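The values are calculated or read from the model by the stated rules, or taken from the named source; none is laboratory data. Everything numeric in this text was worked out from a predicted model, so none of it was measured. Note that each Cβ is placed from the backbone with ideal geometry, even for glycine, and that neighbours are counted across all protein chains shown. Surface accessibility is based on the protein's heavy atoms, side chains included, excluding ligands, DNA and RNA. Shrake-Rupley method; radii C 1.70, N 1.55, O 1.52, S 1.80 Å.
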Amino acid sequence: MLSNRSLRRTLFATGVALLTAQAAAQQQGTLGPLVITATQSGDLGSAGRVVGGMLQDGTLRIVETTDDQLAPGRIHQRLAQFHRGVRVSGGSVCVQSDSGISRSLFGHVYPDISIAVEPTLSARDVVAIAGSDDMAVLSPPDLVIVRDDDEDAYRLVYRIHTFGMSGLVVSEIDALTGAVVSTRSALTTQGVQATCPDCAVGEGLGVKGDRKKVSVRLSGDEFHADDGLRPARVSTYDMRGDWERALDALNGRVALTSADLARDSDNVWQDGASVDAHTGSGWTLDYLYDRFGRKGLDDRNGPVVAMVHPVHRSDLFSVPTEVADLFHLNAFFCGLCGQDGIIVLGEGLPPGQTIGQTGQVLDFFAAGLDIVAHELGHAVTDFSSQLIYEGESGALNEAFSDLIGVGTEFFMAETGRHRPERADYVIGEDVLKPGGIRSLSNPLSRGDPDHYSLRFLGSSDNGGVHTNSTIATHAYYLAVEGGINQTSRIEVAGLGPQNRDLVERIFYRAFVFLLPENATFSMARAATLQSARDLSDDETVTQTIAAAWTAVGVE
Amino acid sequence: MIDVVFLRALVPLVVVGFLLIVPGRVAAQSVPGHRITVGANIGAHTGSASRTDVAEFSALREIGSVRGTQTIGPYTVFDGSGSTLVWKRLGVGLAVSHAGGKTTASVEAEVPHPFFFDFHRTATASATDLERRELIYHVSAQLAIPLGSSTRLTVLGGPSRFDASQDLVSGIETSEQGFPFDSVDIAASQVERLSVKSWGYHVGVDLAYHGLKNISMLSGSALFDHLGVGVLIRYSRSRPSIELRGVEQTLLELGSLHAVGGLRVGF
């Protein structure tokens, strides 16, 4: 592990020139982030000097150091920006180094903050403002500095997370005036132990009727959906349609107990949603470990909690609309729910009900392995890059989850672990039928952009985090399979399905280690190119990924 | 394809037929020596063959399998016999043969995965001290053919009763390597001893020499009036079916070509 001092030496040693962009920004006297995108192909020296300077004066601090499982010897450090001891939202830099030499830097820093950091309101005042009977406060508010682009200024705010029928909401409240600066959804949604005396292997049929093994525990005379074989304990809770208890469990008013675990008396499981949620969670962990060497969602084999049947299907028209939106029509990951985050897999629609005018039926969300893996992918992001769930970084957050979803499906099908699994580049095809939710191969077919020029620029959906994700995932698709982008008409010769695992590693590594929390598409391009160079000596690989990003309009 | 076993059996039968059909010069001779002969031999159960047995076991909601492959033979044979002439050159005999030994089997198992159906893991090991034992009782019709004054060639054949036991690899105990459970070790192999009794047949030739008394240094003892030496080649065969934990296996090949030699005592 590199210390603060040794990292500073590393960064200073890489160059002498000041970052051009910083100089330009200072000359114009404008506020705003200094974008750092420095790779082996350029800018490493100047960027290293800037970051090293900020590290030296304490503006940047190392908050995480990770060894690279895919490129031995490489170390990744995540630096967070502080101003007079207060965290600056969006100010972060990811440094990759090798034997004390910087290999890449990606990030945003805000070099011109000068505001006072003494709040007028106390944390208790803020809890009173944000909390209510309907919205439980999940954690104490954090004092942070955010940039207000509209006012061209910085603000000292309290950031507070609440959970209610509207789901997980993050609010920013001005620490001086108590004004609510912003409110947004923070739900990342989708529309061994070798010896374990009480472990057991059961079996069951998933929603699609496919036979699966279920890793469970024997408790008394019942089997619980509690996986003790995988080092990361996977627990699946069946709320049995009690949506009020589900809400209370998510907002922390009640704790989930073993009585809430999905259960079966003879270990031949009948509830398809429980079977799919439990196996899908485990299989995602298997994929993360096999492909990337990642130990669980947090890389420390922390527990994984899934929730099914948060509402009865038949209660679609009797529950509040917000509850139906949350629990019938949605699957989501709530990182602040429970002790370790919870993925909630919605119930879908009752038989005979369809989605709007499309005539599509909506099955249990747990039925989609790519959906389950997608939601767990959000947890990986939460534990790594923490891509801000808004705008381009939010779209990259969604894109990463889709890549985990698709990757898990291919892993299961192609390695023979679950032969009935049909792997494809469509997200949610087993849930929203026919058609699925998003297509990586042909985003336009689902109304999503396949090119940066077509990106959604409105404010809904946190700035189009879902729809714009396909710009990045289509680049991934082109890098693997090749093809012609329908908008740019640029043709990419893909690396081929036989190299899918390499492309998966390249993207995973870029998203998990190299990207900072407020990354942009352009930064994602640079990071994946750097990752490609780190993992492969074959220049064709880097060229193909560059061509794929170019085809989707990201330079 | 002509059965090799059949060919092996055919050779001595042809010899017997030849001797019966062409009595010529041998018909004029009397049978030398004794009416009753007792023999004791030691020799070899010749030849070896590879045998693979497959057992199934239930684990982790699936059926796994274990294949044990071992080499049968060659073994040491102990043989004891008694015979008597009942009419002219024809006689009857009883014999008991014992053959057996220990061997090592290579074990290959297909072990179910705890997380996935139809995704078996392969593990290998070896199982030592697998024992095989054959006790064979032979009842023979015999034709004694004198070859000179001290030598007798006996052609024999008849039914044999086999009492055999065979150790087979019947299962395994696994030792998991832990997550992601894509590899597994065999901690121990389970061995089951199958016992089987069956009928078969035998054919053979025995060449006995009772001229030791003619050797000057042995001629002083009355013992050598009775004691002789001989060699016996006997082919026996039985192929009973066997089951291992309810699964029918390939036929158990009992018997073989025994080549033994030892003492003959005539009365």
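Mind checking the per residue accessible area of region B:4-266 for me, 1.4 Å probe, whole number of Å²?
Working: 12290 Å² over 263 residues.
I get 47 Å² per residue for this part.
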Q: Note the buried accessible area between B and A here, summed over both chains, with a 1.4 Å probe, in Å² to the nearest 100.
A: 1800 Å²
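Using helices alone, I'd like the mean residue ellipticity at 222 nm for chain A: each DSSP H run of four-plus residues gives -39500 (n - 2.57), total over residue count, nearest 500. Intermediate results must be reported in sequence, preceding the final value.
Details: 13 runs with 164 residues, N = 555.
That calculation yields -9500 deg cm²/dmol at 222 nm.
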(Q) Cut-off under 26 Å on the C-alpha distance; same-chain residues fewer than 8 positions from A:Lys208 excluded. Which lysines are left, in chain and number order? (A) A:Lys433
Q. Accessible area, 1.4 Å probe, largest first: how do B:Tyr201, A:Tyr452 sort?
A. B:Tyr201, A:Tyr452
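Over region B:4-266, with every protein chain in place, what whole percent of the accessible area is carbon and sulfur at 1.4 Å, could you tell me? The partial results should precede the final answer.
Details: 7390 of 12290 Å².
Carbon and sulfur together cover 60 percent of it.
Leaving out ligands, DNA and RNA, what percent of the accessible area of region A:460-555 is carbon and sulfur, probe 1.4 Å? Show your work: numbers first, answer last.
Values: 1280 of 2790 Å².
Answer for region A:460-555 is 46 percent, counting heavy atoms of protein chains only.
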(Q) No solvent, one uniform scatterer per C-alpha: report log10 I(q)/I(0) for region B:4-266 via the Debye equation at q = 0.09, 0.14, 0.16 1/Å, two decimals. (A) -0.54, -0.92, -1.10
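Would you please give the FRET efficiency between B:Leu251 and B:Ser219, computed as 1/(1 + (r/R0)^6) with r the Cβ-Cβ distance and R0 = 45 Å, to the nearest 0.05?
Numbers: r = 52 Å, r/R0 = 1.16.
The calculated FRET efficiency here is 0.30.
Under the definition of partner shielding as Cβ atoms of other protein chains within 10 Å of a residue Cβ, what is the mean value for peptide B:112-122? Mind showing how you got there, number by number?
On the way: counts 2, 3, 8, 14, 11, 9, 6, 6, 0, 0, 0.
Average neighbour count from other chains, rounded to a whole number: 5.
Inside 10 Å of the C-beta atoms of B:171-182, what's the mean count of C-beta atoms belonging to other chains? Present the calculation step by step, with values, prior to reporting the outcome.
Details: counts 0, 0, 0, 0, 1, 6, 2, 7, 12, 9, 6, 4.
Mean shielding by partner chains, rounded to a whole number: 4.
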Q) Using heavy-atom solvent-accessible surface (probe 1.4 Å) with all chains present, what is the largest-first order of B:His202, B:His98? A) B:His98, B:His202
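Going by average Cβ density within 10 Å per residue, which order do the peptides A:522-529, A:359-366 take, highest to lowest?
On the way: A:522-529: 24.4, A:359-366: 22.4.
By packing density, highest mean first, the sequence is A:522-529, A:359-366.
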Q | C-alpha long axis of helix B:4-21 to longest principal axis of chain B, angle in ° | A | 10 degrees
**Q.** Unpartnered cysteines - no second Cys beta carbon under 4.7 Å - across the protein assembly as shown
**A.** A:Cys94
**Q.** Shielding by other protein chains, A:214-222, mean Cβ within 10 Å
**A.** 1
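Take the Cβ-Cβ distance between A:Asp133 and B:Thr122 as r, set R0 to 60 Å, and report the resulting FRET efficiency rounded to the nearest 0.05.
Values: r = 60 Å, r/R0 = 0.99.
For A:Asp133 and B:Thr122, the calculated efficiency is 0.50.
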Q: Determine the distance separating the Cα centre of region A:450-529 from the Cα centre of region A:392-416; give it in Å without decimals.
A: 12 Å
**Q.** Label-to-label distance, nm, for residues given as B:Ile42 and B:Glu173 (7 Å Cα→Cβ offset)
**A.** 3.9 nm
**Q.** Anchor B:Lys197: lysines whose Cα lies under 26 Å away (excluding residues fewer than 8 positions away in-chain)
**A.** B:Lys102
